[in-house]
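What follows is a single structure, written as structure tokens, with notes after it.
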Amino acid sequence: MEKHLSDRFYGAMSKLEPRYPNKKALILPALHQAQKEYGWLPKEVLAEVAEYIGVHEAQIREVASFYTMYNLKPVGKTHLKLCTNVACCLRGADDLMEYAEKKLGVKCGETTPDGLFTLSEEECLGACTTAPVMMANDEYVENLDIRALNELIEKVKHER
Amino acid sequence: MSAETQTLFVQHFWNDSNRTLDYYVKRMNGYESAKKVIATMTPDQVIEEVKKANIRGRGGAGFPMGMKWGFIPKNSEKPKYLVCNADESEPGTCKDRQIIRYTPHLLIEGLIIGSYAIGCHHSYVYIRGEYVREAELLNAAIEEAYKNGYLGKNVFGSGFDLDITVHRGAGAYICGEETGLLNSLEGKRGEPRVKPPFPAVSGAFSCPTAVNNVESIANVPHIIRLGGEEFAKLGKIDKSGGTRLISLSGHVNKPGVYEALAGSMTVRQIIEDFGGGVWKGKRLKAVIPGGSSSPVLTADEIDVVYDVEPLMKIGTMMGSAAVMVIDEDTDMVKLLLRITKFYAHESCGQCTPCREGCHWMESILHKILHGEAKPSDIDLLVDVAGNIGGKTLCALGDAAAMPVQSFVKKFRSEFEAYVKGQKSHA
């Protein structure tokens, strides 16, 4: 089988292996690591993770599809994940989502044609006292308002 | 500092440099409790001290922590595990994140003491996947602890061995449920297990396991430092020792994570003294007192003491101590739809009442909001909720049913206005 994952992936995994009583417990860490390298989890990457863990590919897909953070479809360079749960909703998250959809010209859940942005709705991000909140890739952006959202989008556009 | 204003955590929640081992050792008596425990106490004595402290679990269920540790079998041939639940995801809750960001060593020291008490040599911290930076900070602190001989082989030169591994979740509310969490730790879908067996008998990797919330574990060094009885006395109400971290969000002037002696404040005082009152000079309509699953309170009900039993007496719950404040302009039908949509999205799908019921409730609420419902649909909604609560393997079913039942009961006229066509969704 052609290898898609790098030595870095296998190195990180062999460091983690002794920390668990069995290899199956490495499924979540392996999927995180694979996604970090690949951006998303195409079929061939899932297959390689399955081979590494020593389980059927279906088992990996079963797990990966349960968790929202594993991207089973490609995502844009910057993944904007807006929380629209209660605390954020009470402080204007719906307006932010509407603004983001207009500004990016996509609906929630879609990726811009240039591949720069994916816009998603997120369930509670656990930062409710600084609502509204979003994640831009791995970073939290707290006390978000339309101005800050606009600036962040413009910044990504200029950095392309 | 007088006993009346004593806090154990929040005074450290402000500066990034407070998270270092240096700060922890110099300013917070860092690792002295763990050293004392390992050098001078037996595991049973530690558990006794935690029992005396009257500390209730801080994750939501409020189960007495000492009792939980006491359930772990003493003579087990299998390894035993202490698993820390850092999957903070009940909407409204964000206190554990502060502990990890500013006082990660408090959590590590708590894990050392807890592991010693139950006989664990490898502890896992299951942290929600979105807390990427927090996981990094915690790992950095763990590394500091290893370097100083506080973790690894022969902790403090005592002969006791302990490793800690941070395990990241990947976006699933249900993994905050302890058996869902354990399945996820084992590399499975985070579906809750059938109980019994309880984790104390068969938990992580089929071994005896205690699962405790971050704030619960981070309180353990304080319990040892103050002594169980003194810690218990911090609480101003029976059966609740220590302080409570309160995540205050929504329509208040000063949202934030605050700390109060357990049972020392009413909901009104929390909103006014901590939150600076309802924002924009508006009037209060409602309060969700313990995370989005807890039954809602009206503005007339907020003189209740904020603790487990007083809240239970008036039909709601303290949960994870997440207070969400709702002003007079809020549309309760719309808000309930948002809450219900969350539970429908997060239902793991194992139990039919929850999997199907949550979607039905969402769909009925959608119809009500968009003027497509009949008056009888309000009762249908409550009926569906009644057929979920108590009929599922885990508490997610109840969590989804309770907001529906309480919103309709207390704000029925708002639902009726929609079905009678007096109000329509803009």
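Judged by the mean number of other Cβ atoms found within 10 Å, the most tightly packed of the peptides B:63-70, B:112-119 leads the ranking B:112-119, B:63-70. Taking all protein chains in place and a 1.4 Å probe, what share, in percent, of the accessible surface of chain B do carbon and sulfur account for? Within chain B, the accessible surface is 51 percent carbon and sulfur.
Per-residue ellipticity at 222 nm computed for chain B from its helices equals -12000 deg cm²/dmol, with DSSP H segments shorter than 4 residues left out and the rest contributing -39,500 (n - 2.57).
Can you give the FRET efficiency to the nearest 0.05 for residue A:22 and residue B:303, using r as the Cβ-Cβ distance and R₀ = 60 Å? About 0.70, to the nearest 0.05.
Can you pull the mean other chain C-beta count within 10 Å for peptide A:113-126? Neighbouring Cβ atoms belonging to other protein chains average 4 per residue here. Could you report the accessible area of residue B:300 in Å², rounded to 10, computed with a 1.4 Å probe on the protein chains as they sit in the structure? Around 140 Å² of this residue is reachable by solvent.
Relative to the 2.2 N^0.38 Å rule of thumb, chain A has a C-alpha radius of gyration ratio of 1.18. Among the residues of A:34-46, the average count of other protein chain beta-carbon atoms within 10 Å of the residue beta-carbon is 0. Computed extension length for residue B:206-residue B:63: 49.3 nm, one decimal, from 0.36 nm per residue of separation with the Cα-Cα distance subtracted. Which one, B:371, B:389, B:228, has the greatest fluctuation when you compute a Gaussian network model over chain B with C-alpha springs under 10 angstrom? Checking each option, the largest mean-square fluctuation is seen for B:371.
Can you tell me which of A:134, A:69, A:97 moves the most in a GNM of chain A? Springs connect C-alpha atoms under 10 Å apart. In the Gaussian network model the winner is A:69. For the listed residue pairs B:188/B:367; B:147/B:233; B:195/B:239; A:15/B:26, the alpha carbons are over 29 angstrom apart in B:188/B:367; B:147/B:233; A:15/B:26. Relative to the present Cα-Cα distance, how much length would full extension add between residue A:77 and residue A:155 at 0.36 nm per residue of separation? Here the answer is 26.8 nm. In a fully extended conformation the segment linking residue B:133 and residue B:383 would gain 85.7 nm over its present Cα-Cα distance, using 0.36 nm per residue. Straight-line cross-link reach from residue B:374 at under 20 Å between alpha-carbon atoms covers these lysines, not counting any fewer than eight positions away in the same chain: B:334, B:409, B:410, B:420, B:423. Overall, chain B carries a charge dipole of about 100 debye about its Cα centre when +1 sits on the Cβ of Lys and Arg and -1 on the Cβ of Asp and Glu, all other atoms neutral. I want to verify the translational diffusion coefficient of the protein assembly as shown in µm²/s; compute it with Stokes-Einstein, Rh as the Kirkwood radius over Cα pairs, at 4 °C and 1.567 mPa s. The Stokes-Einstein estimate is 53 µm²/s.
Listed peptides B:203-212, B:280-289, A:150-159 appear in the order B:203-212, B:280-289, A:150-159 once ranked by packing, highest mean of other Cβ atoms within 10 Å at the front. Each Lys and Arg adds +1 at its Cβ and each Asp and Glu adds -1 at its Cβ; summed about the Cα centre, the protein assembly as shown shows a dipole of about 500 debye.
With contacts taken as Cα pairs under 8 Å and at least 6 residues apart, region A:4-158 reaches a relative contact order of 18 percent. Per residue of peptide B:125-134, the mean number of Cβ atoms on other chains within 10 Å of the residue Cβ is 4.
Please label the shape of region B:260-348 as rounded, prolate or oblate, based on the square roots a ≥ b ≥ c of the eigenvalues of the alpha-carbon gyration tensor (a/c under 1.5 means rounded; beyond that, a/b larger than b/c means prolate, else oblate). Oblate is the answer for region B:260-348, as a/c is 1.5 or above yet b/c matches or exceeds a/b.
The values are calculated or read from the model by the stated rules, or taken from the named source; none is laboratory data. The model shown is predicted, which means the values in this text are computed figures rather than measured ones. Cβ coordinates were reconstructed from backbone atoms using ideal geometry, including for glycine residues, and neighbour counts include every protein chain displayed. These area figures cover heavy atoms from the full protein model, side chains too; ligands, DNA and RNA do not enter into them. Shrake-Rupley method; radii C 1.70, N 1.55, O 1.52, S 1.80 Å.
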